[in-house]
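Written below as structure tokens is the structure these notes are about.
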Amino acid sequence: MITTTTTTPLEGAVRKLPCLRSVARRNPNLTYRSFGLLRRRYKFRQLHVSASAASSSPSLVDDNPKLGPGSLGHVTRPDFPILLQEINGSKLVYLDNAATSQKPTAVIKALQNYYEAYNSNVHRGIHYLSAKATDEYESARKKVANFVNADQAREIIFTRNATEAINLVAYSWGLSNLNPGDEIITTIAEHHSAIVPWQIVAQKTRAVLRFVNLTEDEVPDVGQLRDSLSRRTKLLVMHHVSNMLASVLPMDEVISWAHDVGAKVLVDACQSVPHMVVDVKNLATDFLVGSSHKMCGPTGVGFLYGKTEILCGMPPFLGGGEMIADVYLDHSTYAEPPSRFEAGTPAIGEAIGLGAAIDYLTEIGMQQIHDYEMELGSYLYDRLSSVSDVRIYGPSPSRTVKRAALCSFNVKDVHPTDIATFLDQQHGVAIRSGHHCAQPLHRHLGISSSARASLHFYNTKDDVDRFIDALKDTINFFTSFK
Amino acid sequence: MHSSSNFKHLSLPLTISCVPTKSSPQFNPKIHLLKKPSSFLTISLTPTKPNPQICSKNPIFFSSSSRTKRLGLSSISCLIMEEASLDERLSVVDKVKCLSLEFRSLSEPIDRVKRLLHYASILPPLCESAKVQGNRVLGCTTQVWLEVRMDSRGSMKFTVDSDSEITKGFCSCLMWVLDGAEPEEILSVTAEDLADMNVGLPKKGRSRVNTWHNVLFSMQNRTQDCIQERKRALSLDDLHSLVIRPHAHSGGPSGDGSYVESEVGV
Ligand SMILES: Cc1ncc(COP(=O)(O)O)c(C=O)c1O
């Protein structure tokens with residue numbers, strides 16, 4: 001059911017929208033919560049009717065009703081002003097969401113409001129602005145905690161990004177808990193930020209860093225992982241969703257195996273938290289990290305979730321203001337978590353912006369976001385795999401194997417950077433090329449780089465169609481030059 | 001949506017002309033490239049009609065004026081890098097300016113890409129045995145291999161290749177500018193000088209994927225290494241001459257045998 005023509009209406013030219021009941025019929029996965037959001041939007045949009053849109057190809061609706069006009073992508077797109085621009089003379093198609101997501105107006109406004117109305121340092125002043133900033137900052141912490149279903153807000157530590165969160169665990173927990181011969185197990189498919197800190201810590205502590213390979217299906221081999229676990233294993237570091245393979249790992253199972261041998265687990269949830277429901281209590285993970293900028297929040301802030309009892313036993317990562325109880329000339333006593341790990345003035349406005357992003361995502365509903373991305377992701381996979389000479393990495397989707405909404409790929413005899421450059425320059429399509437901070441994985445696959453198109457819920461079927469058409473044109477262009 | 005097939009010819013072809021004296025009012029706007037008065041060069045932007053017979057693949061034409069002909073430049077050339085006589089007479093600084101002008105004149109991105117692909121096609125390939133990790137230019141999203149040596153006259157010789165065609169095009173431009181140049185000239189080029197030639201990157205982009213930047217820096221670093229190596233070799237030569245003829249004086253680049261002696265003693 002693949003169409004090659006692009007007749008999807010552009011946003012702003014929204015097809016006459018059906019009444020809510022039929023939207024619900026076409027989108028059976030709409031949650032009650034997100035319904036309010038949709039209802040609000042439809043009220044405004046029923047007025048905008050475009051002739052061209054109304055006569056759009058019926059295949060669009062017939063193929064997969066969840067991707068037609070009125071899809072989550074169509075409905076949420078206007079919230080992202082950055083998407084409504086032209087790049088190099090073409091309408092922007094942004095498909096580099098695994099690198100960073102775009103920000104809805106609500107987040108931009110929250111940042112602006114903070115700087116305009118109550119910018120002040122947190123936890124330090126008794127004046128009104130400081131109290132307000134502190135309240136909002138701490139409220140953002142609560143929002144993150146609720147979002148990942150942590151027990152308490154103090155289990156959330158704000159960091160600069162996920163990388164810093166991983167380093168925090170490595171330097172604080174790792175250096176004080178790992179001994180010579182202890183094993184850290186991870187996979188060859190990790191992002192560099194989940195490999196390099198452990199190389200450094202393993203070198204310092206003489207612990208052993210072990211890597212789990214891929215299966216033939218190009219998924220991290222959880223069977224091998226299970227066999228590698230032993231009493232020597234002290235830590236398992238693993239991604240939830242791969243930023244290159246699009247594989248989704250059964251973390252709840254994996255974590256229970258690790259706990260069986262007494263190991264702690266750090267989950268790199270950078271590519272899962274923005275796209276699906278992630279529940280730290282269900283997973284029973286010890287640590288989990290995420291980055292705000294990948295989940296519609298501002299850059300400059302990320303978070304570490306850690307179980308209270310583990311965090312309480314960890315020494316500080318950085319020294320400075322905010323993280324101390326008392327400072328004497330010869331020693332200091334440390335504040336309780338989370339302050340212990342938040343030395344210096346944090347990214348206050350950005351954390352508040354992250355809170356606004358979470359409000360926005362929650363209003364839509366993470367399950368709905370996930371369901372829509374699964375549909376759009378399959379559509380991307382199907383269309384891309386039908387382009388000749390394209391090799392997509394990672395597992396083939398099936399009834400049992402679900403892929404995240406991204407595809408890393410190569411085209412025979414055309415360098416991915418050349419593809420990405422041409423797509424950008426000639427078609428305004430933004431994709432990533434390179435090793436995606438996963439060099440060991442690329443080496444394992446026998447390649448030095450790949451291209452990657454990654455989706456978010458504000459992408460539409462039209463974006464995918466335009467990407468595929470542009471890719472075909474790009475391949476023709478380079479082939480004609482040979 | 002654009003299509004590579006319905007690409008339009010560019011409206012602003014370039015005319016390059018050489019004039020033997022100072023700037024001439026008939027060439028406008030002008031860029032004075034060489035400082036030496038004997039070979040004053042003016043480049044002017046003059047709309048001329050492309051001639052598909054002469055260059056079908058590339059829409060830009062460098063046509064010379066009658067004065068140019070008098071100076072012995074070939075009358076028409078599609079691409080500045082293929083103008084052999086220009087190659088000989090231009091300094092590194094001039095070549096950078098010429099290329100900047102050439103790429104700035106290509107307002108359509110696809111034309112810049114096409115131009116780079118053409119330059120990629122004229123870059124001699126590096127033999128497979130030289131594509132080793134030790135020759136890699138690090139920090140690019142593509143693989144670039146670079147061999148650098150200093151010839152007997154002290155000029156720098158480069159061989160470069162990439163697995164990406166666009167990158168190879170960048171490298172081809174860098175080769176045209178820098179291959180055979182004096183080390184000092186090579187070290188004087190900055191990444192900003194190359195900004196106008198960028199494709200797919202912001203003008204002053206100092207991104208970690210900026211291939212220009214990384215390849216240029218690599219060329220410069222390895223040029224520095226060659227300079228150091230040559231200095232060491234020359235010092236050793238002096239040392240040898242000191243050992244063989246302990247009372248010999250000067251002759252080396254330092255011009256002072258005793259200095260070499262004392263340096264060796266440190
Ligand atoms: C799986 C994964 N882990 C970690 C990171 C690092 O995130 P950040 O650069 O925000 O620290 C990324 C970002 O690309 C990622 O995709």
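Does any residue of region A:199-213 turn out to be within 15 Å of the ligand (Cβ to nearest atom) and β-branched (Val, Ile, Thr)? Among the residues of region A:199-213, not one is within 15 Å of the ligand (Cβ to nearest atom) and β-branched (Val, Ile, Thr), which makes the answer no. Just one of the numbered conditions (1) over 23 Å from the mean Cα position of the chain (by Cα); (2) open to solvent by 40 Å² or more (accessible area, probe 1.4 Å); (3) more than 16 Å from the ligand (Cβ to nearest atom) is not true of A:Arg154: (1). Selection of first residues in region A:189-204 that are within 14 Å of chain B (Cβ to nearest Cβ) and of second residues that are more than 8 Å from the ligand (Cβ to nearest atom) and of a type in the set (S, T, N, Q), restricted to Cβ pairs under 8 Å at least 6 apart or on distinct chains, gives the following pairs, ordered by first then second residue: A:His192/A:Gln439.
For region A:430-448, which positions are open to solvent by less than 10 Å² (accessible area, probe 1.4 Å) and either without any contact (Cβ under 8 Å) to a residue 60 or more places away in the chain or not hydrophobic (A, V, I, L, M, F, W, C) (or both)?
Here is the first cut: in region A:430-448, the residues open to solvent by less than 10 Å² (accessible area, probe 1.4 Å) are A:434, A:436, A:438, A:441-442.
If the condition is that a residue be open to solvent by less than 10 Å² (accessible area, probe 1.4 Å) and either without any contact (Cβ under 8 Å) to a residue 60 or more places away in the chain or not hydrophobic (A, V, I, L, M, F, W, C) (or both), then A:Gly434, A:His436, A:His442 are the ones that fit.
Only one residue in B:Ala181, B:Ala120, B:Ala195 is within 16 Å of the chain's Cα centre (by Cα) and within 12 Å of chain A (Cβ to nearest Cβ), so which one is that? Outline the logic, then answer.
On the way: B:Ala181 fails: within 12 Å of chain A (Cβ to nearest Cβ); B:Ala195 fails: within 12 Å of chain A (Cβ to nearest Cβ).
None of the others qualify; the one that does is B:Ala120.
For region A:450-477, the set of residues classified as within 13 Å of another protein chain (Cβ to nearest Cβ) and open to solvent by less than 10 Å² (accessible area, probe 1.4 Å) consists of A:Ser450, A:Ala451, A:Arg452, A:Asp462, A:Asp463, A:Asp465, A:Phe467, A:Ile468, A:Ala470, A:Leu471, A:Thr474, A:Phe477, listed by residue number. Looking at A:Ser101, A:Ser90, just one residue is within 16 Å of the ligand (Cβ to nearest atom) and surrounded by 17 or more Cβ atoms within 10 Å (Cβ to Cβ), and that residue is A:Ser101.
Annotation: of all residues in region A:424-440 being in contact with a helix residue (DSSP H, G or I) (Cβ under 6 Å, 6 or more places away or on another chain) and of a type outside the set (A, V, I, L, M), the one that is nearest to the ligand (Cβ to nearest atom) is A:Cys437. Residue under question is A:Val301, and the condition is that it be touching a Gly at 6+ places or on another chain (Cβ under 8 Å) and closer than 19 Å to A:Arg154 by Cα; does it hold? It is true that A:Val301 is touching a Gly at 6+ places or on another chain (Cβ under 8 Å) and closer than 19 Å to A:Arg154 by Cα.
Tallying residues that are in contact (Cβ under 8 Å) with a residue 24 or more places away in the chain and within 14 Å of chain B (Cβ to nearest Cβ) within region A:397-429 yields 19. Going through (1) over 18 Å from A:His239 (Cα atoms); (2) more than 12 Å from chain B (Cβ to nearest Cβ) one by one, A:Gly394 falls short only on (1).
Suppose we keep only residues that are charged (D, E, K, R) and away from the ligand (no atom under 16 Å from the Cβ) within region A:253-284. Which one would you say is nearest to the other protein chains (Cβ to nearest Cβ)? Once the filter is applied, the top-ranked residue is A:Lys264. When A:Leu361 is tested against (1) at pLDDT 95 or above; (2) exposed (fewer than 15 other Cβ atoms within 10 Å of the Cβ), only condition (2) is not met. Here A:Thr417 fulfils each of the conditions (1) modelled with pLDDT of 95 or more; (2) in a helix (DSSP H, G or I) apart from (1).
The values are calculated or read from the model by the stated rules, or taken from the named source; none is laboratory data. Computed from a predicted structure; not experimentally measured. Quick reminder, even Gly has a Cβ in these numbers, built from the backbone with ideal geometry, and neighbours come from all protein chains shown. Just the protein is used for accessible areas: all its heavy atoms, side chains included, with ligands, DNA and RNA removed. Shrake-Rupley method; radii C 1.70, N 1.55, O 1.52, S 1.80 Å.
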